[in-house]
Amino acid sequence: MQLFRPAHKVPKTIWSSGTPLNLKPRFITLFFLVLGLWIFGTGEAILIGAGIGVSPWTVLAQGITEQTGFTVGISTFIVGVLVLLFWIPLKERPGIGTILNIILISMAIDVMEPFIPKQTETTLGMLQAAIGIIFVGIGSALYLTANLGPGPRDGWMTGIQKRTDWPIGRVRIGIEIVVLSLGVLLGGIFGIGTIMFALGIGPVVAICLGIVARWTKL
């Protein structure tokens, strides 16, 4: 179907900022940024409730939670801040979206997780994980099209790629493997949900961006 044709790049929308470093964005731009980040965090909470494994970065947050007793949201916030510090030697510049990414996704996980069903059966867990991935895809499409700066993890990826000239795909895969391995060592949950996320998030985000692009043309 034409509606679900994947986008090949992040489209410009009626709410997109003209520059990622815009310090006075329009209300509509901030609205879709905040909405997207909250939906993203809700998707992560849904994945946690599925109980069959989460995204690699949330595996790391779970591992930190196991070692410290912090909530997953607070651990996610700590990870985001630490990653942002790694931007300094890479000379990357954060935008409003970068800062709100760290704060709102962490908040959404902690606020929404108590309302999410906790699954104990694999089949229901896989269904819930799929729903979580879709939420993350929708949230990603909305906050990316706001164009107010990349998330801390995305900026780290692009910064490393610029400094090393390695293919960006390899850089992303390398980061995800290191993060996932560290998270598992710390006690985070790796499972079929993690594999579902790794395989599904790219196509889902591309499809959601494609839908957003068509909607803005109406």
Query raised in the report: Considering 124, 182, 186, which residue is out of contact with any Leu (no Cβ under 9 Å at 6 or more places or on another chain) and surrounded by fewer than 20 Cβ atoms within 10 Å (Cβ to Cβ)?
Result: 124
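Residues checked against (1) more than 20 Å from residue 148 (Cα to Cα); (2) in contact with an Asp or Glu (Cβ under 9 Å, 6 or more places away or on another chain); (3) without any contact (Cβ under 8 Å) to a residue 12 or more places away in the chain; (4) in a helix (DSSP H, G or I):
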| site | (1), (2), (3), (4) |
| --- | --- |
| 60 | yes, no, no, yes |
| 67 | yes, no, no, yes |
| 74 | yes, yes, no, yes |
| 80 | no, no, no, yes |
| 88 | no, no, yes, yes |
| 108 | no, yes, no, yes |
Requested in this report: Examine segment 74-88 for a residue that is surrounded by 19 or more Cβ atoms within 10 Å (Cβ to Cβ), within 20 Å of the chain's Cα centre (by Cα) and under 18 Å from residue 197 (Cα atoms), and state whether such a residue exists.
Outcome: yes
Query raised in the report: So, of the residues in segment 145-173 that are in a helix (DSSP H, G or I) and modelled with pLDDT of 90 or more, which turns out to be nearest to residue 57 (Cα to Cα)?
Result: 152
Query raised in the report: Would you say residue 36 is in contact with a Lys or Arg (Cβ under 8 Å, 6 or more places away or on another chain), in contact (Cβ under 8 Å) with a residue 40 or more places away in the chain and not in a loop (DSSP other than H, G, I, E, B)?
Result: no
Report task. Go through (1) in contact with a Phe, Trp or Tyr (Cβ under 8 Å, 6 or more places away or on another chain); (2) under 18 Å from residue 53 (Cα atoms); (3) modelled with pLDDT under 95 one by one and return the number of the condition residue 120 breaks. Result -> (1)
Report task. For segment 38-73, name all the residues that are of a type outside the set (A, V, I, L, M, F, W, C), touching a Phe, Trp or Tyr at 6+ places or on another chain (Cβ under 7 Å) and surrounded by fewer than 24 Cβ atoms within 10 Å (Cβ to Cβ). Result -> 42
Requested in this report: Considering each of 7, 45 in turn, give the residue that is in a helix (DSSP H, G or I) and over 19 Å from residue 148 (Cα atoms).
Outcome: 45
Query raised in the report: Residues in segment 191-218 that are modelled with pLDDT of 95 or more and more than 16 Å from the chain's Cα centre (by Cα): how many?
Result: 2
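State yes or no: is residue 145 in contact with a Lys or Arg (Cβ under 8 Å, 6 or more places away or on another chain), crowded, with 21+ Cβ neighbours inside 10 Å, in contact (Cβ under 8 Å) with a residue 60 or more places away in the chain and not hydrophobic (A, V, I, L, M, F, W, C)?
Yes.
The values are calculated or read from the model by the stated rules, or taken from the named source; none is laboratory data. All values reported here derive from a predicted model rather than from experimental measurement. No Cβ is skipped: glycine too gets one built from the backbone with ideal geometry, and neighbour counts run over all protein chains shown.
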